[in-house]
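What follows is one structure encoded as structure tokens, with my remarks underneath.
Nothing in this text is a laboratory measurement; each read-out follows from the coordinates by a stated rule. If you're wondering where the values come from, they're calculated on a predicted model, not measured in any experiment. Cβ atoms come from the backbone with ideal geometry, glycine included; neighbour counts cover every protein chain shown.
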Amino acid sequence: MGKKNKKQTQFLKIKQESAEKFLKFLKTRLPNETFLNRGIKVIHDGAYVLFPLVNDIGKIKELIGEISNKLNFDIVSTIGIAEENYKYRSIEEALEDKLPQNILELVPKSYDIVGKIAIVEFDQINTVDDKNLLHYKKKVAKALVSVNKSVETVYEKKSEVKGKHRLKELKVIYGDDNPETIHKENDCLFKLDVKKTYFTPRLVFERKRISSNIFKKQETIVDMFAGVGPFSIQIAKNNEVNIYAFDVNPSAYKYLIENIEINQMKGEVIAYNMDVNELLNPEHKLGNSLKHTIDRIIMNLPEQSINFLDVACFLMKKPTGILHFYQFCEKPNPIKKGIENLNTNLKDCGWHIEEILNSKVVKPFSPKSDLIVIDLKLRFLHRSYLCGS
């Protein structure tokens, strides 16, 4: 038997012979609206059926307006019984009657799930002056776990991504403080530590798009800011390519090595723990061996990528090569601004854009800027330039 709620629930009370007509009306006339509280049991009371309603006065008024001329019913209030094993469809539904209304309105609508870990931002809730904030956050975290059965730990994001290793501060608010997990994406596995490495699941479709490109057999690729390997490994999984994957973060490099081992790939991924700027050193053996030999370069460091174009031009095979370039650009017209930035910096290195293969906004980044990607074919212009010579 389900547990009784402490709070009263509003029910629509209707005669049993009219119950089926009511449900049919909901299904055919109001299919896109949720009026019934699926987490509370329907009550059968003699000749009547009581349907539990959502805790939303506006929706209850809307429902009454729709059916008042078609069915005889009453709205009654009583203690409801929770449905056992009911799977909530959203955090808001799971939190029904569990938070004050002013807090419920500020519950985050989105969050990141990385393996068994969820990461949540409470920007709006944090603006409320209330001594019970931590209690509310824990309620939200518990609701998140009830909606996402794979999640075991919930962290609150306490800072933006910062520093050379692109890390953010996290505080556990539900479950064990174990930041290591294995994330599955596009049939690949990625082991990582959410506190020690940068990884975002929000680029899942972008990584799928890049890895679905047509690659030449034995094409040579550089992933300049590889992290734990989501671009490199997904490309190499189905393509016979050679990828040099770089990352400056020792923890990311450690997991990159592990991820290369646990994923079966047609191609080869070779990992390096270093700043790619080191490749420009005239005495650097790897830099000298890779100079102007690379067919394709991935530059996914949007806040700093423009500052590494000289490295890309140093590595790119002459006379042409492909570049996947990510950048944060201000609105309006972020793509146009991104192309202008590229043109200016490429010219200084003796290269230019021969063809834009694709350009798009990947996702909004802030109220003032977007994350964009530009896929382009580069062509070498003149030998007298310093960066590309």
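Shown here: the range 40-169, whose C-alpha atoms stretch 68, 30, 27 Å along the first, second and third principal axes, sorted largest to smallest.
By the scheme Lys and Arg +1, Asp and Glu -1, what is the net charge of all other residues having a beta-carbon under 11 Å from that of Pro108? Can you show the working numbers first?
Working: positive: Lys109, Lys137, Lys157; negative: Glu92, Asp112, Glu121, Asp123, Glu156.
Its environment carries a net charge of -2.
Counting neighbouring beta carbons within 10 Å and listing from fewest to most, the residues Ile43, Ile14, Ile233 come out as Ile43, Ile14, Ile233.
Before anything else, pin down the relative contact order of the chain: Cα pairs under 8 Å, at least 6 apart, normalised by residue count, whole percent. If you can, show how the numbers build up before the last one.
Numbers: 743 pairs, mean separation 34.5, N = 389.
This gives 9 percent for the chain.
Send over the per residue convex hull volume for the range 314-368, Cα only, as a whole number of Å³.
90
Sorting Asp130, Asp223, Asp176 by the number of Cβ atoms found within 10 Å of their own Cβ, with the fewest placed first, yields Asp176, Asp130, Asp223. The alpha carbon radius of gyration of the range 290-335, expressed as a multiple of 2.2 N^0.38 Å, is 1.26.
Based on alpha-carbon atoms only, what is the radius of gyration of the range 4-81 relative to the globular estimate 2.2 N^0.38 Å?
Numbers: Rg = 11.8 Å, N = 78, 2.2 N^0.38 = 11.5 Å.
Ratio of Rg to 2.2 N^0.38 Å for the range 4-81: 1.02.
Restricting the trypsin sites (Lys or Arg not before Pro) of the range 132-209 to loop positions (DSSP other than H, G, I, E, B) with no more than 12 neighbouring Cβ atoms within 10 Å leaves Lys149, Lys158, Lys164.
Of all beta bridges that DSSP places with both ends in the chain, some 70 percent have antiparallel geometry. Dividing the radius of gyration of the alpha carbons in the range 201-380 by their Kirkwood radius gives 0.94 for Rg/Rh. Scoring 329-341, 64-76 by mean Cβ neighbours within 10 Å over their residues and listing the highest first yields 329-341, 64-76. With q set to 0.12, 0.14 Å⁻¹, the log10 of I(q)/I(0) for the chain, from the Debye formula over equal scatterers at the Cα positions, is -0.96, -1.15.
List the chymotrypsin sites (Phe, Trp or Tyr not before Pro) within the range 299-389 that DSSP assigns to loop and that have no more than 16 neighbouring Cβ atoms inside 10 Å. Numbers along the way, then the final one.
Values: sites: Phe308, Phe314, Phe325, Tyr326, Phe328, Trp351, Phe365, Phe380, Tyr385; in loops: Phe365, Tyr385.
Passing sites in the range 299-389 are Tyr385.
Among the trypsin sites (Lys or Arg not before Pro) within the range 246-303, those in coil by DSSP and having at most 13 neighbouring Cβ atoms inside 10 Å are Lys266.
Please sort 105-112, 48-55 by packing, taking for each peptide the average over its residues of neighbouring beta carbons within 10 angstrom, highest first. Please list the in-between numbers first.
Numbers: 105-112: 14.5, 48-55: 21.2.
Top of the packing list down: 48-55, 105-112.
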